[in-house]
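First up is the structure itself, then whatever we jot down about it.
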Amino acid sequence: MTLKNFFLNQLKDQVLSGKTRHKKWRVEQLQALSNLLDNHQQEILNALHQDLGKPPTEAFFEIIAVKQEIKVVQKNLSNWMKAKKINVPVSLRPAQAFIQPDPLGCILIIGPWNYPFSLTLQPLVGALAAGNTAILKPSEHAPHVSNLIKTLIEKYFPPEITQVVEGDGNTAADLMCQQFDHVFFTGGENIGKKVMEAASKNLTPVTLELGGKSPALVIDGANLEVTAKRIIWGKSLNAGQTCIAPDHLLVEHKLFDSLISNLKNSINDFYGNNPLDSKHLGRIINQNQFNRLNNLLKEAKKNGQIIYGGDSNEIERRISPTLIKIENRNDPLMKEELFGPLLPILLIKNLDEAISEFKFLPKPLALYLFGGDDNEQGKILSMTSSGGVCFNDVVLQAGIPELPFGGVGSSGMGKYHGKAGFDNFTHYKSVLKRPFWLDLNFRYPPYKLDLSLLNKLIG
């Protein structure tokens with residue numbers, strides 16, 4: 001569809017009519033989305049492979065993520081939709097007070113290219129569960145997935161409930177000029193700023209799921225063999241194009257040699273001696289992203305920083321998992337989120353040194369700690385700020401549908417998944433209901449009530 005036949009009012013009217021407030025309507029939409037997933041699994045896997053070279057298992061993770069989200073919502077929807085009674089002070093009785101969950105209206109969801117299926121449809125689950133309608137703008141950088149989402153949404157949903165608008169950044173900018181009731185954006189910080197700026201012109205609230213340079217710390221007490229496996233898996237998943245992938249490693253001096261040995265072994269175990277030939281390693285999304293990463297790789301080679309890996313194939317846009325030793329945070333690899341299979345490794349004296357540095361750095365979407373004890377884990381929780389924390393593993397925190405997911409500071413604002421998603425797309429309306437049969441005159445002018453008595457009544 002084009003913007004010429006884009007009828008925003010049609011989607012808003014569906015909400016304003018009251019139809020979407022009924023549980024039956026919401027259940028029907030969630031079931032339609034569930035049927036979409038069940039009936040078109042292979043098509044989804046194929047599209048993800050075409051756009052990102054994802055192996056079937058990694059691609060299936062995207063389907064699972066949406067299905068789990070739906071299941072959690074279906075299980076809890078009745079409870080979430082209930083109005084919540086609020087206690088009324090004696091001085092204001094007789095009265096009833098309650099909080100009524102209300103849909104916001106029509107939601108604009110702008111999806112990313114790295115997980116183009118799940119990160120476009122997961123927010124839709126929360127939006128529909130809360131009784132909203134939605135416009136989806138999938139990423140143009142994943143064209144096969146974008147086209148498939150459009151085809152499937154049009155097959156399973158009427159246009160007055162959910163529509164899909166395909167196009168590039170100009171299309172997204174045009175959409176942002178419309179009077180949506182909420183904008184949900186997943187992507188990079190720079191575009192996120194533009195989305196927020198555009199939304200501000202209409203005072204439209206936004207949820208920004210961004211990213212950042214998520215660190216992984218390895219300190220004494222870590223099982224280095226398991227640690228290495230989990231870090232390489234998280235860093236190489238989707239060819240490193242994951243917003244909560246471990247961006248770089250901070251390793252205690254005494255653990256460095258042993259950890260490097262285990263990291264090398266993990267790369268070989270996962271992808272063989274030549275990872276570029278492995279069918280289990282995805283590819284970089286487009287030429288621009290490949291060139292950016294390959295230039296960083298070339299610079300690291302020139303400086304003699306490559307510990308292991310360093311191979312690339314421009315024709316297939318593939319880069320092998322690469323270990324790179326850096327001396328300090330001034331290295332070019334530390335300037336921006338890498339979003340690729342390059343793993344800079346920086347030595348630290350101890351955890352306290354790393355924590356002291358974090359105070360001066362942008363807040364990441366995720367922070368990982370391997371090793372340590374309860375006291376050191378407590379320091380991470382109490383002395384650092386990040387969207388989320390995971391101990392002794394990576395990425396999996398995003399796979400728990402009832403665990404809120406979102407950033408803080410430059411890594412984003414707003415949360416979703418499970419109840420957090422329902423809340424994100426809900427306005428909690430305050431309601432007071434009073435009868436006519438008691439109407440005391442002391443509230444009206446001319447005021448005759450003694451203030452000391454008023455204090456007692458309120459007190």
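No value in this document is a laboratory result; all are computed from the given coordinates. Being a predicted model, the structure only gives us computed values, none of them experimental. With ideal geometry, Cβ positions are generated from the backbone for all residues, glycine too; neighbour counts draw on all protein chains shown.
Structural remarks
- Candidates TYR444, PRO401, GLY234 compared by Cα position along the dipole of the chain: farthest toward the positive end lies TYR444, with charges placed on Cβ.
- Pairs from LYS84/LYS456; LYS24/LYS71; LYS85/LYS433; LYS82/LYS433; LYS54/LYS301 whose Cα-Cα separation, in the structure shown, is over 19 Å: LYS84/LYS456; LYS54/LYS301
- Per-residue extension of 0.36 nm, minus the Cα-Cα distance of ASN375 and GLU402, leaves a gain of 7.1 nm for this segment.
- CD proxy at 222 nm, helix term only [per DSSP H run n ≥ 4: -39500 (n - 2.57); per residue of the chain; nearest 500]: -13000 deg cm²/dmol
- Cα gyration tensor shape of the stretch 134-201, rounded if a/c is under 1.5, else prolate or oblate by comparing a/b with b/c: oblate
- Per DSSP, loop trypsin sites (Lys or Arg not before Pro) in the stretch 45-141 with at most 14 further Cβ within 10 Å: LYS82
- Each Lys and Arg adds +1 at its Cβ and each Asp and Glu adds -1 at its Cβ; summed about the Cα centre, the chain shows a dipole of about 1780 debye.
- With 0.36 nm allotted per residue and the present C-alpha distance subtracted, the LEU451-ASN147 stretch has 102.6 nm of extension available.
- ASN350/LYS71 FRET efficiency (R0 41 Å; Cβ-Cβ; nearest 0.05): 0.45
- Amide H within-cut-off set for LEU217, under 5 Å, with H built and near neighbours excluded: LEU250, TYR368, LEU369, PHE370
- Straight-distance candidates among the aspartates and glutamates for linking to LYS254, with alpha-carbon spacing under 14 Å and chain neighbours fewer than 8 residues away dropped: ASP220.
- Along the stretch 69-78 the Karplus relation, 6.51 cos²θ - 1.76 cosθ + 1.60 evaluated at θ = phi - 60°, assigns HN-Hα couplings of 4, 4, 4, 4, 5, 4, 5, 10, 4, 4 Hz to successive residues, with x for each Gly and Pro.
- Linear extension gain, LYS82 paired with ALA95, 0.36 nm per residue minus alpha-carbon span: 2.8 nm
- Nearby lysines by direct alpha-carbon distance to LYS379 (threshold 20 angstrom, same-chain neighbours under 8 apart not counted): LYS213, LYS349, LYS359, LYS363
- Taking a ≥ b ≥ c as the square roots of the eigenvalues of the Cα gyration tensor, the stretch 215-399 is classed as prolate, since a/c reaches at least 1.5 and a/b is larger than b/c.
- The protection proxy used here, the mean number of other Cβ atoms lying within 10 Å of each residue, ranks peptides 335-346, 313-324 as follows, highest first: 335-346, 313-324.
- Among the trypsin sites (Lys or Arg not before Pro) in the stretch 167-268, those placed in a DSSP loop whose Cβ has at most 13 other Cβ atoms within 10 Å are LYS201.
- Virtual paramagnetic centre 7 Å along Cα→Cβ of TRP437, amide N under 19 Å, in the stretch 61-93: 88, 90-93
- Loop-located chymotrypsin sites (Phe, Trp or Tyr not before Pro) across the stretch 7-112 with a Cβ neighbour count of 13 or fewer within 10 Å are PHE7, with loop assigned by DSSP.
- Positive dipole terminus of the stretch 91-249, leading residue within PHE157, LEU203, GLN100 (C-beta point charges): GLN100
- Here the Karplus relation 6.51 cos²θ - 1.76 cosθ + 1.60, evaluated at θ = phi - 60°, turns the backbone of the stretch 270-283 into coupling constants of 7, 10, x, 5, 10, x, 5, 9, 6, 7, 9, 10, x, 10 Hz, with x for every Gly and Pro.
- Placing a label point 7 Å from the Cα of GLN10 along the Cα-to-Cβ direction, the residues of the stretch 132-163 with a backbone N closer than 17 Å are 133-137, 150-163.
- Alpha carbon centroid spacing (whole Å) that separates the stretch 264-299 from the stretch 368-405: 27
- Spin-label model, LYS19 to LYS194: label points 7 Å out along the Cα-to-beta-carbon direction sit 3.5 nm apart.
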